[in-house]
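Engineer: The structure follows.
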Amino acid sequence: MAGDGYGAIRDAAIAIADGHIAWIGAAKDRPKTVARETRSLSGAWVTPGLVDCHTHLVFAGNRAPEWEMRAKGATYQEIARAGGGILSTVRGTRAATEDDLVAQSLPRAQAMARQGVTTVEIKSGYGLDADSELKMLRAAAKVGTRAKLNVSPTFLGAHTLPPEYKENRAAYVDLICEAMIPVIARDRLAEAVDAFCETIAFTPEETERVFAAATTHGLRVKLHAEQLSNSRGAILAAKYSALSADHLEHLCDDGVAAMAQSGMVAVLLPTAFYFLRETRKPPIDALRRARVPLAIATDCNPGTSPVASPLIALNMACTLYGLAPDEALAGMTRNGAKALGRDDIGTLEAGKSADLAVWRVSDPSELCYWIGADLLLDRYVRGRSDKETNT
Ligand code: NIG
Ligand code: FE
């Protein structure tokens with residue numbers, strides 16, 4: 001029957017009070033209390049608002065010219081080594097004013113909201129100096145307010161080595177650990193600290209220094225791990241009780257075991273896999289067997305995933321990675337929330353934030369099935385409908 005496997009309640013009612021779900025269940029069982037206002041969503045499906053737990057959606061410019069070079073045969077790593085890649089977006093982002101960054105990033109955030117996202121994680125990492133990183137984090141907060149999205153900000157100072165530290169890697173890691181992380185923790189500008197542990201970015205030893213500083217300052221960690229090669233980053237992340245390890249195409253068996261042991265989430269980014277034309281997939285079956293929760297995210301960024309569509313990420317999780325649609329949807333709701341360390345969102349239960357997506361579908365599998373269809377009827381963010389707030 002429609003909705004089997006999703007924990008669906010047919011002919012349901014949801015009561016909302018003070019921005020939270022006060023009650024949810026079969027409409028015939030609903031409490032007799034008189035509601036101030038009743039709305040019929042007859043014929044629609046309601047899911048938790050989508051949680052996109054890994055994005056870099058604040059940045060200036062784009063990298064279409066590099067993409068064109070890749071289409072003609074250059075690899076992502078070659079472009080990065082030649083000073084392009086992440087560094088070309090760093091140049092643009094440093095030069096942009098905060099207002100510019102907000103203006104350029106807002107359409108991406110609005111596109112996400114129009115596809116049912118209510119919470120989005122946004123990483124810094126295209127500033128790579130204290131002022132520019134803080135500018136990105138402030139821009140992320142503003143973008144969230146304007147697009148009516150809850151933003152979970154992440155500090156990614158360890159995204160790549162900035163050119164001015166080319167001859168002195170250790171000094172940049174010092175700057176992250178001794179200057180940036182303390183300020184970010186003190187001013188609560190980020191909820192977590194991420195790093196890119198990879199041959200073209202930071203070594204496991206450098207990553208560990210960043211994790212140690214984050215932990216000292218009370219910030220949770222997460223990691224871009226095993227995307228292009230196996231640096232055993234997931235194992236390092238597990239040692240620091242990371243929220244998640246993300247990408248994971250080259251994750252080994254020891255990495256799976258370490259993630260399971262420490263209760264981490266595996267964040268899968270199938271649109272980046274697609275865009276880079278990767279062929280090696282993350283070890284999905286091994287992760288399932290080890291009961292590691294699987295989250296799905298867009299990785300929205302100018303280099304490896306110029307994708308502002310959560311529903312395309314869900315489709316690719318199914319078509320490219322072989323997830324079942326109910327598994328994929330859980331990856332962008334329940335497990336996306338878990339990857340952000342949030343227990344107040346991601347499921348429809350009494351007591352949770354009333355963040356809902358209302359869909360024009362006849363079965364929830366359609367959320368993973370259509371590409372480019374217009375499926376969203378409405379969103380509720382902390383109990384307020386987009387229709388009342390004129391989005
Ligand atoms: O998640 N892997 C590192 N970071 C991004 C790419 C960022 C970029 O190329 O601008 C990613 O794939
Ligand atoms: Fe990423």
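Engineer: Within segment 1-72, list the GluC sites (Glu not before Pro) lying in a DSSP loop whose Cβ has at most 14 other Cβ atoms in a 10 Å radius.
Structural biologist: Answer by residue number: Glu37.
Engineer: Here's a follow-up. With n ≥ 4 as the cut-off for DSSP H runs, can you work out [θ] at 222 nm for the chain, using -39500 (n - 2.57) per run divided by the number of residues, rounded to the nearest 500?
Structural biologist: It comes out at -10000 deg cm²/dmol, rounded to the nearest 500.
Engineer: So, R0 is 35 Å and r is the distance between the beta-carbons of Arg289 and Gln77; what FRET efficiency does that work out to, to 0.05?
Structural biologist: 0.65
Engineer: Okay, next question. When the convex hull of the Cα atoms of segment 233-391 is projected onto a plane and the area is averaged over all directions, what value comes out in nm²?
Structural biologist: 10.2 nm²
Engineer: Neighbour counts of other C-beta atoms within 10 Å: give me Tyr369, Tyr76 arranged from fewest to most.
Structural biologist: Tyr369, Tyr76
Engineer: Moving on. Which net charge results for the neighbourhood of Asp285, defined as the other residues with beta-carbon distances under 15 angstrom from its beta-carbon, given Lys and Arg at +1 and Asp and Glu at -1?
Structural biologist: +2
Engineer: Among Glu205, Glu327, Glu133, rank each residue by its count of other Cβ atoms within 10 Å, from fewest to most, as a rough exposure measure.
Structural biologist: Exposure proxy ranking, most exposed first: Glu205, Glu327, Glu133.
Engineer: Out of the trypsin sites (Lys or Arg not before Pro) in segment 143-200, which ones are loop residues according to DSSP with at most 15 other C-beta atoms within 10 Å?
Structural biologist: Passing sites in segment 143-200 are Lys166, Arg188.
Engineer: Once fully extended, how much extra length lies between Ala130 and Gln110, figured as 0.36 nm per residue of separation less the alpha-carbon to alpha-carbon distance?
Structural biologist: 4.5 nm
Engineer: Just to compare against my own numbers: the Cα pair-distance distribution for the chain, 10 Å bins, whole % per bin, please.
Structural biologist: 5, 24, 34, 24, 10, 3, 0, 0
Engineer: Using the Cα gyration tensor of segment 319-362, with a ≥ b ≥ c the square roots of its eigenvalues, what is the shape: rounded (a/c below 1.5), prolate (a/b larger than b/c) or oblate (neither)?
Structural biologist: Taking the square roots of the gyration eigenvalues as a ≥ b ≥ c, segment 319-362 is oblate.
Engineer: Tell me, what HN-Hα J-couplings in whole Hz come from the Karplus equation 6.51 cos²θ - 1.76 cosθ + 1.60 at θ = phi - 60° for each residue of segment 240-251, using x for Gly and Pro?
Structural biologist: Residue by residue, segment 240-251 yields 9, 6, 4, 5, 7, 10, 10, 5, 6, 4, 9, 5 Hz.
Engineer: Which trypsin sites (Lys or Arg not before Pro) in segment 306-391 sit in a loop by DSSP (not H, G, I, E or B) and have at most 11 other Cβ atoms within 10 Å of their own Cβ?
Structural biologist: Qualifying residues, ordered by number: none.
Engineer: Quick one: net charge of Val265's neighbours, Cβ under 14 Å, K/R +1, D/E -1?
Structural biologist: That sum, taken over residues with Cβ under 14 Å, equals +1.
Engineer: Give the order of Thr304, Thr154, Thr347 when sorted by the count of other beta carbons within 10 angstrom, beginning with the fewest.
Structural biologist: Thr347, Thr304, Thr154
Engineer: Still on this structure: Can you spot the lysines whose alpha carbon is less than 30 Å from Lys135's alpha carbon? Ignore those fewer than 8 places along the same chain.
Structural biologist: In chain and number order, the partners are Lys123, Lys148, Lys166, Lys222, Lys338.
Engineer: Right, next: State whether segment 167-234 is rounded, prolate or oblate according to the following rule on the C-alpha gyration tensor (a ≥ b ≥ c being the square roots of its eigenvalues): a/c under 1.5 gives rounded; otherwise a/b larger than b/c gives prolate, and the remaining case gives oblate.
Structural biologist: oblate
Engineer: Separate question: When the chain is fully extended, how far beyond the present Cα-Cα distance does Glu388 get from Ala212, taking 0.36 nm per residue of separation?
Structural biologist: Length gained between Glu388 and Ala212: 58.8 nm.
Laboratory data are not the source of any read-out in this text; all were calculated from the coordinates shown. Remember, it's a predicted structure, so these values are computed and weren't measured experimentally. Cβ sites come from the backbone with ideal geometry, for glycine too, and all protein chains shown count toward neighbours.
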